[in-house]
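So the structure is just underneath, and the comments pick up after that.
The values are calculated or read from the model by the stated rules, or taken from the named source; none is laboratory data. Here the structure is a predicted model, which means the values were calculated and not measured. Cβ atoms come from the backbone with ideal geometry, glycine included; neighbour counts cover every protein chain shown.
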Amino acid sequence: MPKHIAILGSTGSIGTQTLDVARNNPDELTIEVLTANSNYELLIKQAIEFKPNAVVIANEQHYQTVKDALFNHDIKVFTGTDAIAQVVQMDNIDTVVTAMVGYSGLKPTIKAIEAGKHIALANKETLVVAGDLITKLLEEKKVFMTPVDSEHSAIFQCIVGEPFKIEKIILTASGGPFRTWHKNDMANITPANALKHPNWNMGAKISIDSATMMNKGLEVIEAKWLFGLAEEQIEVIVHPQSIIHSMVQFADGSIKAQMGLPDMKLPIQYALSFPDRWQSDFPRMDFAKFANLTFEQPDIEKFPCLTLAYQAMRKGGNMPAILNAANEIAVEAFLNEKIAFMQIPVLIEKAMNGITFVNTPTYTDYVSTDTETRSFVSSLI
Ligand SMILES: NC(=O)c1ccc[n+]([C@@H]2O[C@H](COP(=O)([O-])OP(=O)(O)OC[C@H]3O[C@@H](n4cnc5c(N)ncnc54)[C@H](OP(=O)(O)O)[C@@H]3O)[C@@H](O)[C@H]2O)c1
């Protein structure tokens, strides 16, 4: 029986690669729903190729264009962000791939879990903002979540079939484009420099997060919630070749690593095929070409975002939601050349010190924390 999937953010980097996986596995995956924010041209193309049951274009300006283009096709067209949160509950979907970027993933993911859908989670920000709420809901609704992030997929692949006796996990980080830069040169970083990731081709926001190493910080928090770990069980190591995608050290000291060429299609496919593995023609690793796999400590002086993320995780409550919202606004401002690269952590720290702390937040608290933090950081900019 094929899996019936909804892809939230089908026009993005993860979304288009998920469609590649679907294209290669037509007997395993049927596309039921595709959603985009404003890239209506690609959404229309995807809809005509994959013939989903429904599409959502969040930006209402493009609704009529999409509707007109799909007039002769048996595809429902919806618009608005609320429509994304509603469409994930459709009966004919069993799996939701959350490939939209940022805080916008939170509400649809909650709605999908409430409707009992399996979640293939790319949108790490959902777990960063409200990990406690999401994990409780997963348990209550007996819903399974598989990670798409390559590091978390690696950890997941290492623990399958193991008694759950993790001593620690070792998250690998490429170090991003500025790993070898001198701290003094980092004042002049431009968006073009920061968008050039050495190993991965990703969306703009995660590329900047990788350049500041906030991405690794967000992944530390994501790992805490996905695998139920304490802070001291989560270690980060820089591994510039991105061949080892992460490792798990077990109670007896044995370490398992999951390896392969950097290609997001593999973790995407595993998140959808689990517990099975489907055949693939992804390029295979040739060890002779990788004579050196190297490891180094992250430079927290150059990359203070990593420390801020650990601090937010330690503090708990709504602090990771503050960190996330401040980061989203700061990254956008950097991409629009309104602030310098090294101001990103400065703004985040100001928000973490300036926004009201809530120890045990409800969903409403998370929403108001996000709104309050966005306007606080915007006013500083
Ligand atoms: N890219 C990777 O290799 C990678 C790896 C691991 C994890 N992730 C995670 O996966 C998620 C997606 O990353 P990405 O790199 O694929 O991002 P991306 O290329 O920027 O794509 C984002 C997708 O979300 C849609 N979107 C953006 N804002 C939206 C909003 N407010 N409401 C509804 N839809 C919205 C976009 O639509 P439009 O195209 O219309 O703007 C696009 O389809 C992120 O959480 C990221 O951290 C990505």
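Yes or no: residue 189 away from the ligand (no atom under 16 Å from the Cβ), over 15 Å from the mean Cα position of the chain (by Cα), surrounded by 23 or more Cβ atoms within 10 Å (Cβ to Cβ) and not hydroxyl-bearing (Ser, Thr, Tyr)? No; evaluated as a whole, the condition is false for this residue.
Restricting attention to segment 78-100 and to residues that are assigned to a loop (DSSP other than H, G, I, E, B) and among the acidic types (Asp, Glu), the residue that is farthest from the ligand (Cβ to nearest atom) turns out to be 91. Just one of the listed residues (109, 126) is within 10 Å of the ligand (Cβ to nearest atom) and either more than 21 Å from the chain's Cα centre (by Cα) or without any contact (Cβ under 8 Å) to a residue 40 or more places away in the chain (or both), and it is 126. Scanning segment 124-144 for residues that are surrounded by fewer than 24 Cβ atoms within 10 Å (Cβ to Cβ) and either of a type in the set (Val, Ile, Thr) or within 12 Å of residue 226 (Cβ to Cβ) (or both) gives 131, 134, 135, 138, 143, 144. Scanning segment 318-373 for residues that are outside any helix (DSSP H, G or I) and buried (at least 19 other Cβ atoms within 10 Å of the Cβ) returns 318, 339, 341, 355, 361.
Being of a type outside the set (Val, Ile, Thr) and within 13 Å of the ligand (Cβ to nearest atom) is the filter here, so list the residues in segment 1-22 that pass it. Answer for segment 1-22, where residues must be of a type outside the set (Val, Ile, Thr) and within 13 Å of the ligand (Cβ to nearest atom): 6, 8, 9, 10, 12, 13, 15, 17, 19, 20.
Of all residues in segment 1-41 being farther than 17 Å from residue 95 by Cα and surrounded by 19 or more Cβ atoms within 10 Å (Cβ to Cβ), which is farthest from the chain's Cα centre (by Cα)? Within segment 1-41, the match that is farthest from the chain's Cα centre (by Cα) is 40. Of all residues in segment 164-186, which are touching a strand residue (DSSP E or B) at 6+ places or on another chain (Cβ under 8 Å) and within 14 Å of the ligand (Cβ to nearest atom)? Once the filter is applied, which keeps residues that are touching a strand residue (DSSP E or B) at 6+ places or on another chain (Cβ under 8 Å) and within 14 Å of the ligand (Cβ to nearest atom), segment 164-186 yields 171, 172, 173, 174. In the set (1) within 24 Å of residue 224 (Cα to Cα); (2) outside any helix (DSSP H, G or I); (3) touching a residue at least 60 places away in the same chain (Cβ under 8 Å); (4) aromatic (Phe, Trp, Tyr), residue 310 fails one condition alone, (2). Residues considered: 271, 257, 291. Of these, the only one that is over 21 Å from residue 126 (Cα atoms), out of contact with any helix residue (DSSP H, G or I) (no Cβ under 6 Å at 6 or more places or on another chain) and in contact (Cβ under 8 Å) with a residue 60 or more places away in the chain is 257. On inspection, residue 31 fails the criterion of being more than 8 Å from the ligand (Cβ to nearest atom), assigned to a helix (DSSP H, G or I) and either more than 21 Å from residue 102 (Cβ to Cβ) or at pLDDT below 95 (or both).
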